[in-house]
Each structure stands twice: as C-alpha cells, then as structure tokens.
Amino acid sequence: AMEKSRPLWDNPLQFVFACISYAVGLGNVWRFPYLCQMYGGGGFLIPYFIMLIVEGMPLLYLELAVGQRMRQGSIGAWKIISPYLCGVGVASVVVSFFLSMYYNVINAWAFWYLFHSFQDPLPWATCPLNSNRTGYEEECEKTSSTQYFWYRETLNISPSLEVSGSVQWEQALCLMLAWLVVYLCILRGTESTGKVVYVTASLPYCVLIIYLIRGLTLHGAVNGLIYMFTPKLEQLSNPKTWISAATQIFFSLGLGFGSLIAFASYNEPSNNCERHAVIVSLINSTTSIFASIVTFSIYGFKATFNYESCVNKVILLLMNAFDLEEGSLTADNLNEMKEYLMATYPQEYAQLAPQLKNCSLEAELDTAVQGTGLAFIVYSEAIKNMEVPQLYSVLYFIMLLMLGIGSMLGNTAAILTPLTDSKAIAARFPKEVISGVVCFINCVIGLTFTMEAGNYWFDIFNDYAATLSLLLIVLVETIAVCYIYGIRRFEKDLHTMIGRKPNWYWKIMWAFASPLLIISLFIFYITDYILTGTLQYQAWDATQGQLVTKDYPGYALAVIGLLVAASTMCIPLGALLTFIRKRLKRESCSTV
C-alpha cells in the first residue's frame, strides 16, 4: 500500500536534475580549485579520476540502487536489509540535520551580499571613512576593503570563540529568508522540489559560462590557467594528495547523508539507476574542472592585478625618493634599477627598504584560499575590479544561492523522507506541517551562527560534524549490502530493476576496493586527529587586520566530541536496542 501511494518523480530526467542539483554544490566551486592549487595543479586530476572510478561511481550506484529497491528513506531502507541496521539510517538523518543547521547560513550570507550588490560603488570596493571623516577605518587600512566587509560588516566577528557577542539581526533576517525559500521549495515534496531542481541545477551552469567568457578575456587570466594546468607530478608521492582526492569525491557526491537514497526512493522501480549513477558522477566531476577553469582565470586576474599594483607602488616610491625621470623606471627594469640604486645610494636605499615590498606574481598565485574565504573574499575582490561590477556581483551571488539551495533540498529530503515514511508521524501531521517544523527548528538553532562568534561555530560544524561519521556510515552500508544482505541477492534485485546483473567492475569495487579505501581514509583521519594534538582555529584579530591561530577552549572540544559521537553512536546503539527488543520479545513469548 505504501509503495502504491508513494509519490514519484514526473520522469527520469527530473530525478537526474535533482541528483545534480544536490551533488553539484559549493564544494565544486570553492574546494576543488583549492585542492588543485595545493596538490599539483593538473597533476591532481590523476588521483581524482582514479578515486572517482574506485569509490565515487560504485558507492553512488549502491546508494541509488538501495533507495530505488527498498522504496524507503534511509532509516526504512536499512531496516529492511536488516533490523540491526536501523541505526545506520538514523546516523544519516542526524548528520543531515547537523549539516542543515549550519549550511543554510551560507545562503544567508549570499542573500546579504546579493542585496548589497545593487549599490554603486560596491560597499566592499573601498574602505569606509572613520567616525571623524578624517581618514579610513583603522581596521580596514590594516587589511583590505573586501576582508573588512566580510569580517566586520557581514560577520561583525568577535576576537575569539569565548566572546559570543549578540545576534546580528541583519544576518538573522537573511537566515530566516533562506529558510523560507527552502520551505517553499520542499512544501509539497517531489511535486514542488521536482520543479525547483530544473532551475537550481541549470542556472549555475549559465552563470559559469558567462563567467568563463568574461574570465578568459580578463587581463592576467592566462597566468591563472597556466598555474592550474601545469602539473606538479612530485605531489603524486604525497599521501595527502590521494587522501584529498578521495575525500573530495566522497563529499562532493554527497554519499552517506541519506539524500541520494531518499531521492532514489521516488523512482519508478524499473529506472536505470546504473546509467544515472555514471551520468551524475561524470557531470559532478566535469563541473568541478569547469568551475576550476573559471576560478583560476579570475584568480589569475586578481593575482596579476595585485602584482602590478604592488610593482607600480614600488616604482612610484623609488621615483619620488630618488627624483628619477618619468619613464626611466619600468616593471621590466625594476630589479636592475633597485640593484643600481642600492649600490649608488646605500644609506638612502636602506632607509627606504622597509617600505619596498617584494612583488611576486608566483607568490600571489601560491596564496591558497578555500571555503568562505574564496567565495566571499577572493571573488569579491576580483569582481570589484571588473567593468560593470554590479552585474557580475549579482550573477555570482545568484549562482551561489542556486548551488546552496540545491544542496539544501537534498539535505532536507534526507531528514523529511524517513519522517514522512513513518506511519505514526504521517498519520497525525500533513507533509506541510512536518516540513515546516523541521525548517523552523533548524532556523532557530541556526541563529547561533549569526552571533559575533557564530563563524567560529560554523567552522566547528563544517570541520567535525560529518567527516568521520560519513566514512563510518558508508563503510557499514557497503559491508551491509555485500555481506549481510548478500551480493548475489543484490545482483538479483538489480536484474529485476534494470534487466541485467552488475558486471565484475561493480562487484569488485563494492566487495573489496571501496571498503578498503574507506577504512584507509578512516585510519588516516583518526591518526591525523591524534597527531594534531590540541585542536586549533583561526580567529580574526582586528588590531592586526589578520587571522591568528588560537586553541579551542574545553567546552568547544566537548561540542566537537558530541558532534562526532551523536551520529556514530547511532549505529551500535541501534543494533543493541534491536537485539534487546528481540530478546525481550522471545522471553515474553516463551513465558506465555
């Protein structure tokens, strides 16, 4: 009865769009380019595509097949495979709940920047005047206008995690708006989500194409692209390169959250989930490379602009100090002239030396930035120097919103599908009420991230809420399908659904390669946490205008421990409770 009444996607294309909208997220735009920059440029693509073949495609196929066959959300699907695995689904829901709590804050920030993008000039283009209007704000002068707008105007960040501060009501209102948009998108389940995903999946590509055309015509773009595609093959001997490639594939596809199982559960039973797993995997990885080309063209423009600005300041300083003729000092002969002036006027040059910056294009390109730093600081800095910056700013932050909202649709589906599958909950409350309650609870808790210390809590959730938990969840999922449910039984299910059994590649990956890789990743992260010692975070020091490293206080470490334990402990606790319940049932039956 439940299977017949279950809502379905209108067509297989709608399902593919939903998966792409969820999987292709902010990580493709801000994390993949950072990893390319850190681990060998074009050389990083070698381990990346190997990991796509070994873990990405097989695990995505496995989750889609489980959801489509069991016709349930994560909790129900794993409960059908074995009652002892109910905790796996609960763990996925808990991780998705943690992710939803903080992830929508990114959409709130995108709304904030979007609203400010209609001003001329852009508010992050120049430093604001001080209260006396005699000069610029001291904090802004020590950093840059884009960093000042991010840390002071947007976050109004406190000096440390211990100083919580108050809720920033502008950010709180943006967060409420972000949750209202998400609620309207999920209001009627697949009926409303199915229409929204066409926009959230396709619009970012339109913006990326516009940015690609604009980016390639920017002065210095070629410097960024050369930097990206020049392979540093020595990085292939670095274990962290392979670990980072595996982790990027794992998280960019959204494995373990339960969202893919939830989406697949609304498929027709005969849907070709194997083909869709390959399509979604390839589109996701191609998007990462495409977004990197756009990012590095803009990064090259920014680096070249900063380098040339630095050179021009040095030239102006030397010309004024040594009364040189106009045009006698250029970027081409700068180093030679510096050596000549140092030899001819040693005392004067020595006095001027502290003010002379060592300008280097390579150093500018080597500055690695990821996450919110890339999305809201680096891009903003590049945009302000473009022609018609308001247009490119509006386009960029609309793209960020589409990517963020698309991911949120998957996150909320992972929470709502098991709830609406529950007869006890679905019989009492309509879908709209269940969706509303989930969004409201997340929004209220999310207000924590709009406080002055909110960005530090955001980093805690972003770094620790999912990593180890998801690795454990997907490891148990793979073992459950291959060795508890049985790979031969799973083969028959796939034959029933798509008309053929999986070939040797899929079976080897599921049974051996993928589990071994996940275990290796798990050991690496545990070892890394132990060797790191005291966990630290980056705090904003307004007096220096830069980030400084601080140790996490004791209560923050306790929260980190709870975040990891809250989801991972669901798996053994679920099995234990099922065992106790069965034992009590047997005993009660035997006494009767």
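The values are calculated or read from the model by the stated rules, or taken from the named source; none is laboratory data. Remember, it's a predicted structure, so these values are computed and weren't measured experimentally. Cβ: placed from backbone, ideal geometry, glycine included. Neighbour counts: every protein chain shown. Protein only, heavy atoms only, side chains kept; ligands, DNA and RNA dropped before computing areas. Shrake-Rupley method; radii C 1.70, N 1.55, O 1.52, S 1.80 Å.
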Inset, instruction - Could you give log10 I(q)/I(0) at q = 0.21 Å⁻¹ for segment 173-331, computed by the Debye formula over C-alpha point scatterers of equal weight, without solvent? - result: -1.34
Legend entry - Segment R489-L573, extension gain: residue separation times 0.36 nm, minus the distance between their alpha carbons: 27.6 nm
Inset, instruction - Report in % the part of the accessible area of the chain that belongs to carbon and sulfur, leaving out ligands and nucleic acids; probe 1.4 Å. - result: 63 percent
Legend entry - Label point at T230 placed 7 Å out along Cα→Cβ; residues across segment 292-317 whose backbone nitrogen lies under 14 Å: 300, 304
Inset, instruction - Using only the Cα atoms of segment 14-590, build the gyration tensor, take square roots of its eigenvalues as a ≥ b ≥ c, and label the shape rounded, prolate or oblate: rounded if a/c is under 1.5, else prolate if a/b is larger than b/c, else oblate. - result: prolate
Legend entry - Inter-label distance for I523 and I425, nm, one decimal - labels placed 7 Å from Cα along Cα-to-Cβ: 3.8 nm
Legend entry - Residues in segment 300-334 reached by a label modelled at Q351 [backbone nitrogen below 13 Å; 7 Å Cα→Cβ]: 321-323
Inset, instruction - Kindly provide the helix-only [θ] at 222 nm of the chain, computed as the sum of -39,500 (n - 2.57) over DSSP H runs of four or more divided by all residues, to the nearest 500 deg cm²/dmol? - result: -21500 deg cm²/dmol
Inset, instruction - Keeping all protein chains in place, calculate the accessible area per residue for the chain (probe 1.4 angstrom), answer in Å². - result: 43 Å²
Inset, instruction - Find how many whole Å separate the alpha carbon centroid of segment 250-273 from the alpha carbon centroid of segment 459-517. - result: 12 Å
Inset, instruction - Can you figure out the FRET efficiency of F115 with L535, using R₀ = 30 Å and their beta-carbon distance, to the nearest 0.05? - result: 0.30
Legend entry - Peptide ranges 49-58, 334-343 listed from the most packed, as the mean C-beta count within 10 angstrom indicates: 49-58, 334-343
Legend entry - Protein-only accessible surface order, largest first, of I213, I398 at 1.4 Å: I213, I398
Inset, instruction - Classify segment 348-460 as rounded, prolate or oblate, taking a ≥ b ≥ c as the square roots of the eigenvalues of its Cα gyration tensor: rounded when a/c is under 1.5, otherwise prolate if a/b is larger than b/c and oblate if not. - result: prolate
Inset, instruction - Measure off 7 Å from each Cα along the Cα-to-Cβ vector at T126 and V444, then give the distance between these two points in nanometres to one decimal. - result: 4.6 nm
Inset, instruction - Just report the Cα centroid separation between segment 399-454 and segment 187-239, whole Å. - result: 27 Å
Inset, instruction - Assuming R0 = 51 Å, can you tell me the calculated FRET efficiency for the pair E339 and Q390, based on Cβ-Cβ distance, to the nearest 0.05? - result: 0.70
Inset, instruction - Calculate the spin-label point distance for Y555 paired with Y505, positioning each point 7 Å from the Cα along the beta-carbon direction, and give it in nanometres. - result: 5.3 nm
Legend entry - Gain in span if fully extended, R583 to I53, counting 0.36 nm per residue against the direct Cα distance: 186.5 nm
Inset, instruction - For segment 554-592 and segment 274-311, compute the distance between their C-alpha centroids and round to whole Å. - result: 44 Å
Legend entry - Stretchable slack from R6 to E138, in nm (0.36 nm times residue separation minus alpha-carbon distance): 41.5 nm
Legend entry - In sequence order, calculated HN-Hα J values of segment 553-558 (Karplus, 6.51, -1.76, 1.60; Hz; x Gly/Pro): x, x, 5, 5, 5, 5
